[in-house]
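In what follows, a single structure is set out as structure tokens and then discussed.
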Amino acid sequence: MGISTVLDTQVLATSGADGDVLTQQADGTYLAETPSAGGSPGGSTGEIQYNDAGAFGGTVALVYAASGTHFTVTAQAATDVPVVVKGAVSQTANLIEVNSSSGSGGNLFRIASGGHLYVNSALAISPQMFGAKYGSGDSYILVQNQNTNSNRVVIKGDNTWLVTGDANSRVPNEIRMGFGAPANPLRSTSGTIVFDAVLGKISSYLSRVTAQTATDVPVVVMAAASQTGNIHEWHDSASAVHGTVSENGYFTTRKVAAPVDAELSASEVAYWFDATDGAGKLMIKGKTANGTVVTGEVALS
């Protein structure tokens, strides 16, 4: 239906149609004008629109799809930063959140206002995550503390893995590193190095390397070609050297005084060097099986 030629007792200067915009003229009449169209979208299908100097522009770098991967950001040059998330002054809310379907209360992970990355502690770890669920080329980090006995971090690359805490035996404060791809690396002992007490486990030892077969060599320390530094050293708490394995494999001691008797266990022997000028001697003290202390020396010239 056309626009009425009378509006509040005033007339149209031109005839009009439904949807026209009425503009009042200086003489009191109204001019009917058809609104101009919004213009054609810029760029190709899926490209996000932006104001390109007053016209619609399509962003090659930002593409939306109704299904599959909804939003893709592609750097257009090697020096481009595809995405920048910039907080407000005195930012308090998270900068980035990845949520479950339950919304903000179900953060899978988040980057907080200070830039720290937090991973949801309820993410479950299972040995199956090392099998069919992830491909052989996948790398990932998993965090879990939902078990009462253990807090765990799992870092896995292709054919290597590291676990703090064992998911099956639930040994707390333990680090396990594996090489190769055992069917169940959280249970397998093949290729495993166990560091007990590294994270504070109370024990009589700090670390332990266990041979897995009778032909294994538990520890190898290999020198470089033309080694000049010691291959191994034993230090006190002030970093003073007690003894070494030299660059050429000789055992040495820098002790120049006898140990107290109580330091020796039964069936144990200690040696040190009497460094007196002109009277150097190799000194030996031992304790027999019944606890008797015996001493000896070898004069050197």
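The values are calculated or read from the model by the stated rules, or taken from the named source; none is laboratory data. What you see is a predicted model, and the numbers here were worked out from it, not measured in a lab. Backbone-built Cβ (ideal geometry, glycine too); neighbour counts: all protein chains shown.
Under the condition of being closer than 27 Å to Lys287 by Cβ, out of contact with any Lys or Arg (no Cβ under 7 Å at 6 or more places or on another chain) and among the polar types (S, T, N, Q), which residue from segment 218-266 is surrounded by the fewest Cβ atoms within 10 Å (Cβ to Cβ)? Even if it seems obvious, please write down each step before you answer.
Within segment 218-266, the first condition is being closer than 27 Å to Lys287 by Cβ, and the residues that meet it are 232-237, 240-245, 250-266.
Cutting the leftovers down to out of contact with any Lys or Arg (no Cβ under 7 Å at 6 or more places or on another chain) gives us 232-237, 240, 244-245, 250-257, 260-263.
Applying the additional criterion that residues be among the polar types (S, T, N, Q) yields 237, 244, 252-253.
Numbers: Ser237: 5, Thr244: 18, Thr252: 14, Thr253: 16.
Going through the qualifying residues, I end up with Ser237.
In segment 234-252, what count of residues is obtained for those that are among the aromatic types (Phe, Trp, Tyr) and in a loop (DSSP other than H, G, I, E, B)? Reasoning before the result, please.
Start the filter on segment 234-252 by keeping residues that are among the aromatic types (Phe, Trp, Tyr), which leaves 234, 250-251.
With in a loop (DSSP other than H, G, I, E, B) added as a condition, the list becomes 250.
Within segment 234-252, residues that are among the aromatic types (Phe, Trp, Tyr) and in a loop (DSSP other than H, G, I, E, B) number 1.
So, Val83, is that one closer than 30 Å to Ser40 by Cβ, under 25 Å from the mean Cα position of the chain (by Cα) and loosely packed, with under 11 Cβ neighbours inside 10 Å or not?
Numbers: closer than 30 Å to Ser40 by Cβ: yes; under 25 Å from the mean Cα position of the chain (by Cα): yes; loosely packed, with under 11 Cβ neighbours inside 10 Å: yes.
So Val83 fits the description; yes.
If a residue has to be among the basic types (Lys, Arg) and over 23 Å from Val241 (Cα atoms) to count, how many in segment 254-301 make the cut?
Our first condition is that a residue be among the basic types (Lys, Arg); within segment 254-301, this holds for 254-255, 281, 285, 287.
Those still in the list that are over 23 Å from Val241 (Cα atoms) too: 287.
Selection size over segment 254-301: 1.
Against the conditions (1) out of contact with any Asp or Glu (no Cβ under 6 Å at 6 or more places or on another chain); (2) at pLDDT below 95, where does Arg208 fall short? Just the number, please.
So the condition that Arg208 fails would be (1).
Going by the conditions given, is Gly115 assigned to a loop (DSSP other than H, G, I, E, B), surrounded by 13 or more Cβ atoms within 10 Å (Cβ to Cβ) and at pLDDT 80 or above? Let's see the steps before the verdict.
Numbers: assigned to a loop (DSSP other than H, G, I, E, B): yes; surrounded by 13 or more Cβ atoms within 10 Å (Cβ to Cβ): no; at pLDDT 80 or above: yes.
Criteria not met by Gly115.
Testing Gly58 on (1) in contact with a Gly (Cβ under 8 Å, 6 or more places away or on another chain); (2) exposed (fewer than 12 other Cβ atoms within 10 Å of the Cβ); (3) at pLDDT 85 or above, one condition comes back false. Which one is that?
Every listed condition holds for Gly58 apart from (2).
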